Amino acid sequence: MNKKYSYIGISFIILLFGIYTVPKVVDRFSNSTDLVKFNKVPDFEFTNQEGKTITNDFYEGKVYVVEFFFSTCPTICPIMNQKMLTIQDEFFGNPNFGIASISITPAIDTPETLKEYAKNNGITLKNWNLLTGKSENIVYALSNKGFKLYAGKGDEEHGGFEHSGLFALVDKDGFIRSRKDEHGNPIMYYRAIEEQGFPDQIKELKEDIKILLNE
């Protein structure tokens, strides 16, 4: 009789374990299949904080996150930088991960300025490039047309320029990727800051970086 009850008890524990773990497995695989592929990042050529020329080739075979910013931004950039630092720390030392922070004020953000910005803001990841271009128009074209993330002139209270508070996730083949929301719609980009009562999506971004690194 005791053996019978012990078998029943073991069976019950196994059943509970299965109920708990199966959804976790399903969730994991649904996340991996939910990363939608968008357009490929257009060709670009910029100069980083070390004065080196950086093109798409630098990120070939790497998963990377892209943001548009400027060093004198008084509003959302400092917040975005703090969120990006947590991503840096999460994947520090992984040679297959990188970050591209593209300045929308290239006339102001020289390589020397960006190097000082990196030093003052804790940017130490080897594959984190702070990038500046030859003109605003080149950067605006990449941002507005290539990534479909707004960048342009703005109010003085915002430092005279405006840009999106979103991060773009790019896979090893250079395609923009994202998960779907709870309604099955692709989010395309990840909120770096809380907007209109919606929380940031840094946790989700980190999860999806890991998925792409394992592809």
Could I have the simple spin-label model distance between Ile79 and Asn96, label points 7 Å from Cα toward Cβ, reported in nm to one decimal?
-> 3.4
Lys and Arg at +1, Asp and Glu at -1: neighbours of Asn120 with Cβ under 14 Å from its Cβ sum to -1
Just reorder Ile108, Ile102 by solvent-accessible area, largest first, 1.4 Å probe, all chains present.
-> Ile108, Ile102
How do Lys145, Lys134, Lys210 rank by accessible surface area computed with a 1.4 Å probe, from largest to smallest?
-> Lys134, Lys145, Lys210
Considering only the range 36-214, what is the antiparallel percent among its DSSP beta bridges, to the nearest 5?
-> 65
Rounded, prolate or oblate: which one fits the range 36-214, using the alpha carbon gyration tensor with axes a ≥ b ≥ c (rounded when a/c is under 1.5, else prolate when a/b beats b/c, else oblate)?
-> rounded
Order Glu90, Glu60, Glu50, most accessible first, counting only protein heavy atoms with a 1.4 angstrom probe.
-> Glu60, Glu50, Glu90
Residue pairs, from the table Lys134/Lys210; Lys62/Lys83; Lys115/Lys145; Lys119/Lys210, whose Cα atoms sit over 25 Å apart | Lys134/Lys210; Lys115/Lys145; Lys119/Lys210
So Val36 and Phe175, fully extended at 0.36 nm per residue minus their Cα-Cα distance, gain in nm 49.1 nm
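The values are calculated or read from the model by the stated rules, or taken from the named source; none is laboratory data. Please read these numbers as outputs of a predicted model, since none were measured by experiment. For neighbour counting, all protein chains shown are included, and Cβ atoms are generated from backbone atoms with ideal geometry for every residue, glycine included. Side chains included, ligands, DNA and RNA excluded: accessible areas come from the protein's heavy atoms. Shrake-Rupley method; radii C 1.70, N 1.55, O 1.52, S 1.80 Å.
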